[in-house]
Amino acid sequence: MSFMVGTALSAAFAAIIAFAVLPNLETYAAFSLALGLFLVPAGAGLAQPWHTMVFIPMVAILCRFSRPRTR
């Protein structure tokens, strides 16, 4: 159940980042900051022993779905 919650949260955040945030960015620094605003707290949550199974899919799925698209 925890893995499913993490997957659903990650899909929502990946959609927001991929379709609302990333198209407006032009530099690598802005891209890094946009992903870092989600990945740093998710990584901190992953290091905690409680609800680890929620944060594993959050990190893995966001990295896969929020990659920049080629034009």
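Any read-out appearing in this document is the output of simple, stated calculations on the displayed coordinates, not a laboratory observation. Worth saying up front: this structure is predicted, and the values here are computed from it rather than measured. Every residue, glycine as well, gets a Cβ built from its backbone with ideal geometry; the counts of neighbours run over all protein chains shown.
Do any helices (runs of 4 or more DSSP H) lying entirely in the chain carry at least 3 residues that are among the polar types (S, T, N, Q), and which ones are they? Break it down into steps so the answer makes sense when it comes.
On the way: elements: 2-16, 28-47, 52-65.
Per the criteria, 2-16.
The C-beta contact set for the range 19-32 (first residue closer than 17 Å to Leu62 by Cα, second residue polar (S, T, N, Q), distance under 7 angstrom, 6+ apart or interchain) comprises Leu22/Ser66.
The sole residue among Leu33, Leu62, Leu25, Leu46 that is within 11 Å of the chain's Cα centre (by Cα) and hydrophobic (A, V, I, L, M, F, W, C) is Leu62.
Applying the criterion of being within 15 Å of Leu39 (Cβ to Cβ) and not small (Gly, Ala, Ser) to the residues of the range 1-27, the residue that is surrounded by the fewest Cβ atoms within 10 Å (Cβ to Cβ) is Ile16. Contact map, the range 36-60: residues that are free of Cβ contacts under 8 Å to residues at least 24 places away in the same chain paired with residues that are surrounded by fewer than 17 Cβ atoms within 10 Å (Cβ to Cβ) and not in a helix (DSSP H, G or I), Cβ distance under 8 Å, separation 6+ or inter-chain. Pairs shown: Gly45/His51.
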